[in-house]
Amino acid sequence: MKSFNPPVRTLMGPGPSDVHPRILEALSRPTIGHLDPAFIQLMDEVKELLQYAFQTKNALTMPVSAPGSAGMETCFVNLVEPGDKVVVCQNGVFGGRMKENVERCGGIAIMVEDAWGEAIDIAKLEAALKANPDASIVAMVHAETSTGAQSDVAALVKLAHAYDCLTIVDAVTSLGGTPIKVDEWEIDAIYSGSQKCLSCTPGLSPLSFNERALDKVRNRKTKVQSWFLDLNLVMGYWGTGAKRAYHHTAPINALYSLHESLLMLKEEGLENAWARHHKNHLALKAGLEAMGLSCSVKEGDRLPQLNAVTIPEGIEDAVVRGRLLTEYNLEIGAGLGALAGKVWRIGLMGHSSRAENILLCVGALESVLGDMGADIKLGVALPAMQKLLAESEK
Ligand SMILES: *Cc1c(COP(=O)(O)O)cnc(C)c1O
């Protein structure tokens, strides 16, 4: 055995995204103690940078020391008590996981289902809330990475509040890529992930709870069943003030990298990052459509950072993805569940969302699909993208 040296890939799947060298370099800085005053200062800065990214003043804003799934679980285990009725909007894979979380907390999940690839239907949520006046929480996914559809979280949260429900929002793929305004939209509990539009290394889950959500946590009748994710305990370490108590050993170096990625987002400016994701999505779409491929999600509901593309008739999904990986060192995502074999998922997240990646991806797809005899137009994608790419910032 020898040291592991990964191949250098271009990551254009559903995450992880390309990690900027600045972030990788931050990760390799010397490890210090998790209660070192210098580290406490870094924690405070991470919190402040996360408040900016989430657009919130929530005091409880911190990264959970585990991937996005743990952020999801933190929201559910802290907010759902046995017997609680939770309305879960499902339009893809992640809503299904929310249902699992509710049930494992002893709650009752009321499912509001929409077709995969469509946005959450607000009228269906309203019908469910009317039919279940005792529901106390509504959970939803903002950016369904499994399908490439985006839902109107601001409107859904407003509706949930009109029925006196707390809201849990999955922003794993949206944070840093499309607008999320926690305070303005009055989202009660939200979680994200480090490895999507923040372009950080995987393994951390930014999270934010407002006072309404915290009240529910503080006034629970039962103990949170997870010791590790119990926010009452975690806040002894991630809370405010100089007095911090050991809860678990923070992933010190991973937090250096999160700090760097959030700093880069701040330097770019949130609005600029959103605009970059949008412009690059338009360029990718122009190239794919010129070639004769089409986006599977309807216009208006499309996520700029995760593009679901219909696989042409007669083309085998895995062969194309395999060739992109071996011949171009390029990773794109497969369809999941009902969409397996039907779509590719092309991610333009964070540092992956740049002109050179779009050129590589569209060029490589054209070459591989052409070679496989797919019914596409050759030689037109690049000209179709050129003007848009010249406008897109690097
Ligand atoms: C990736 C993702 C998750 C899970 O995050 P992990 O870091 O893989 O645990 C949850 N929700 C959505 C919408 C995601 O895209």
Cleavage-rule hits (chymotrypsin sites (Phe, Trp or Tyr not before Pro)) in segment 186-252: DSSP loop, at most 14 neighbouring Cβ within 10 angstrom: Trp227, Tyr246
The chain, Gaussian network, Cα under 10 Å: of Ala139, Ala149, Ala273, the residue fluctuating most is Ala273
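How large, in percent, is the carbon and sulfur part of the accessible surface of the chain at a probe radius of 1.4 Å? Before the final figure, lay out the partial values.
On the way: 8940 of 16290 Å².
C and S atoms contribute 55 percent here.
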State whether segment 314-394 is rounded, prolate or oblate according to the following rule on the C-alpha gyration tensor (a ≥ b ≥ c being the square roots of its eigenvalues): a/c under 1.5 gives rounded; otherwise a/b larger than b/c gives prolate, and the remaining case gives oblate. oblate
Work out the charge dipole of the chain with +1 on the Cβ of Lys and Arg and -1 on the Cβ of Asp and Glu about the Cα centre, then indicate which of Pro7, Thr31, Ile108 is farthest towards its positive end. Thr31
In nm, to one decimal, how far is the modelled label at Ala38 from the one at Leu233, with both set 7 Å along Cα→Cβ? 3.0 nm
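Relative to the present Cα-Cα distance, how much length would full extension add between Asp134 and Ser69 at 0.36 nm per residue of separation?
Residue separation times 0.36 nm, minus the Cα-Cα distance, leaves 20.7 nm.
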Where labels lie 7 Å past Cα in the beta-carbon direction, separation of Lys181 and Ala390 in nm: 3.4 nm
Sorted peptide list for 288-299, 354-365, 252-263, criterion being average Cβ within 10 angstrom, highest first: 252-263, 354-365, 288-299
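Under a 1.4 Å probe, what is the accessible area of segment 28-174 per residue, stated in Å²?
Numbers: 5230 Å² over 147 residues.
Solvent-accessible surface per residue comes out at 36 Å².
Summarise the long-distance tail of P(r) for segment 152-212 by giving the % of C-alpha pairs beyond 13 Å.
Values: 1105 of 1830 pairs.
For segment 152-212, the share of Cα pairs beyond 13 Å comes to 60 percent.
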Everything considered on the Cα gyration tensor (a ≥ b ≥ c; rounded for a/c under 1.5, else prolate if a/b is larger than b/c, else oblate), segment 74-154 must be described as oblate
When all protein chains stay in place, what accessible area (Å², nearest 10, 1.4 Å probe) is found for Trp116? 80 Å²
Can you work out the FRET efficiency for the pair Glu100 and Met372, with r the C-beta to C-beta distance and R0 = 45 Å, to the nearest 0.05? 0.75
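Nearest 20 debye, what's the magnitude of the dipole of the chain about its Cα centre given +1 on Lys and Arg Cβ and -1 on Asp and Glu Cβ?
Details: 37 positive and 46 negative charges, 140 e Å.
In debye, rounded to 20, the chain gives about 680.
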With r as the distance between the Cβ atoms of Glu313 and Ala115 and R0 = 30 Å, compute the FRET efficiency 1/(1 + (r/R0)^6) and round to 0.05. 0.90
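If a/c stays under 1.5 just call it rounded; otherwise compare a/b with b/c (prolate if a/b is bigger, oblate if not). Do that for the chain, with a ≥ b ≥ c from the square roots of the Cα gyration tensor eigenvalues.
Numbers: a/c = 2.02, a/b = 1.33, b/c = 1.51.
Note, shape of the chain comes out oblate.
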The chain: calculated mean residue ellipticity at 222 nm from DSSP helix runs of at least 4, using -39500 (n - 2.57): -13000 deg cm²/dmol
Inter-label distance, nm, simple model (7 Å from Cα along the C-beta direction), Ala123/Ser294: 2.4 nm
Probe 1.4 Å, all protein chains in place: accessible area of Asp371 in Å², nearest 10? 110 Å²
Span-like helix ranges in the chain, DSSP H, alpha carbon extent 27 angstrom or more, Kyte mean at least -1.0: 270-291
Could you point to the residue in Ser367, Met98, Ala245 farthest towards the positive end of the chain's charge dipole, with +1 and -1 charges on the Cβ of Lys/Arg and Asp/Glu respectively? Ala245
Pairs Lys285/Lys377; Lys47/Lys266; Lys158/Lys221; Lys243/Lys266: which are spaced more than 18 Å apart, C-alpha to C-alpha? Lys158/Lys221; Lys243/Lys266
Checking rank on 6-12, 156-162, 347-353, 33-39, with mean other Cβ inside 10 Å and highest first, the result is 347-353, 156-162, 6-12, 33-39
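What relative contact order, as a whole-number percentage, does segment 192-301 give when Cα pairs under 8 Å and 6 or more residues apart are counted? Mind showing how you got there, number by number?
On the way: 52 pairs, mean separation 22.0, N = 110.
Value for segment 192-301: 20 percent.
Please give the per residue accessible area of segment 312-367, computed with a probe of 1.4 Å over protein heavy atoms only, in Å². Don't skip to the answer; put the middle values down first.
Values: 2170 Å² over 56 residues.
Here the per-residue accessible area is 39 Å².
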Could you compute the FRET efficiency for Glu267 and Leu360, with r as their C-beta to C-beta distance and R0 at 25 Å, rounded to 0.05? 0.50
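The values are calculated or read from the model by the stated rules, or taken from the named source; none is laboratory data. Worth saying up front: this structure is predicted, and the values here are computed from it rather than measured. Reconstructed Cβ throughout: ideal geometry from the backbone, glycine too, with neighbour counts over all protein chains shown. The area values use the complete protein model at the heavy-atom level, side chains included, leaving out ligands, DNA and RNA. Shrake-Rupley method; radii C 1.70, N 1.55, O 1.52, S 1.80 Å.
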